[in-house]
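The values are calculated or read from the model by the stated rules, or taken from the named source; none is laboratory data. Since the model is a prediction, treat every value here as computed from it, not as a measurement. Neighbour counts are summed over all protein chains in view; Cβ atoms, including those assigned to glycine, are modelled from backbone coordinates with ideal geometry.
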Amino acid sequence: MRPLRFVALGDSLTEGVGDPVGEGWRGWAALLAAGIAPADAPVEFVNFAVSGAQTRDVLERQTPAALAERPDIASVVIGVNDTLRCTFDIRAVAERLDEVYAAFTGQGAVLLTACLPDPGAMLGLPGALARPLARRQRAVNAVVHALSERYGAVHLHAAEGDWVTDRAMWSADRLHPGERGHRQLALHFHGLLAREDIATGAVPSPEPEFPEPTRSASLWWLATAGTGWVARRCTDLLPQLLTLAADEIRHRARGTSARLDLSASHAVAAALAALSVTEQPDAA
């Protein structure tokens, strides 16, 4: 019998950062893979996710390799790193995701997607710094919602809920889930797939398998790998983020903050409308 094939694409969240096992990471996708089919049924799982990946990386590098596996199930969870870059362009994000989603569903794969919490809130940034990032993440989530519906994806609403505010779910860096958080993602995805009669194996346990890192271990991670992770992303983001924050402050002082939200909404609508226009010739 041909094994069920599950491929995972994305960034550090899907790579499993925050859920260490041995010398590497495990993460929600691997936990989900273990429960997709009964124990006596073969499942082949390949994780193509790479820390720091953006939508461009998923489209140009991960998707061709994943398509070659002829997967039955493909998860595409991406977008946070795009919001953390000075090159952020919601129209480009929409175009890339549209192409990726179409590629997998065109092969007949079940597509898994998710919307995600905004990084500014998770990091506890001051309002003027957090609001621009929140606006960007809402834009990405709106695009993911719309395209997930268009392609019939199994979509997880992970941008809000108790798990977002429960500190026990998150690792020391406050951006990546800990083991509990990864298990919650696996559990919720399994539930969605089970409703579609796709996941027929054991439900992932919500309880951690390993002891939670001690406070000293968490602080050590932040002081070493965690600091480097933040520094690499601040190199190109920080100057622009400060500009965005200054713009935010000016608009608040004038009482015109709503214009920023409206502009972001218009950008999302334009991005999705452009996709509809480009797809019309094919539909005809």
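Could you tell me whether any residue of the range 163-172 is crowded, with 18+ Cβ neighbours inside 10 Å and of a type in the set (Ser, Thr, Tyr)? Yes, the range 163-172 contains at least one residue that is crowded, with 18+ Cβ neighbours inside 10 Å and of a type in the set (Ser, Thr, Tyr). Going by what's in this entry, would VAL50 be described as over 17 Å from PRO204 (Cα atoms), surrounded by fewer than 24 Cβ atoms within 10 Å (Cβ to Cβ), touching a strand residue (DSSP E or B) at 6+ places or on another chain (Cβ under 7 Å) and not aromatic (Phe, Trp, Tyr)? So VAL50 does not fit the description; no. Taking the criterion of being more than 14 Å from LEU116 (Cβ to Cβ) and either modelled with pLDDT under 95 or in contact with a Phe, Trp or Tyr (Cβ under 6 Å, 6 or more places away or on another chain) (or both), the only residue of the range 181-195 that qualifies is ALA186. Taking each residue of the range 25-50 that is touching a residue at least 40 places away in the same chain (Cβ under 8 Å) and under 19 Å from TRP170 (Cβ atoms) and looking for partners that are among the acidic types (Asp, Glu) and not in a loop (DSSP other than H, G, I, E, B) with beta-carbon atoms closer than 7 Å, six or more apart or interchain, yields GLY27/GLU15; ALA49/GLU15. Has the range 31-42 got at least one residue that is of a type outside the set (Lys, Arg), closer than 30 Å to LEU275 by Cα and buried (at least 17 other Cβ atoms within 10 Å of the Cβ)? Among the residues of the range 31-42, not one is of a type outside the set (Lys, Arg), closer than 30 Å to LEU275 by Cα and buried (at least 17 other Cβ atoms within 10 Å of the Cβ), which makes the answer no. Restricting the search to helices (runs of 4 or more DSSP H) fully inside the range 69-176 and requiring at least 1 residues that are in contact with a strand residue (DSSP E or B) (Cβ under 7 Å, 6 or more places away or on another chain) and small (Gly, Ala, Ser) gives 127-150. Of all residues assigned to the range 243-261, none qualifies as being at pLDDT below 60 and exposed (fewer than 14 other Cβ atoms within 10 Å of the Cβ). Looking at the range 95-109 only, could you name the residues that are crowded, with 20+ Cβ neighbours inside 10 Å and not charged (D, E, K, R)? Across the range 95-109, the qualifying residues are LEU97, VAL100, TYR101, PHE104, ALA109. If the condition is being among the aliphatic types (A, V, I, L, M), assigned to a helix (DSSP H, G or I) and at pLDDT below 85, then the range 262-284 contributes VAL277, ALA283.
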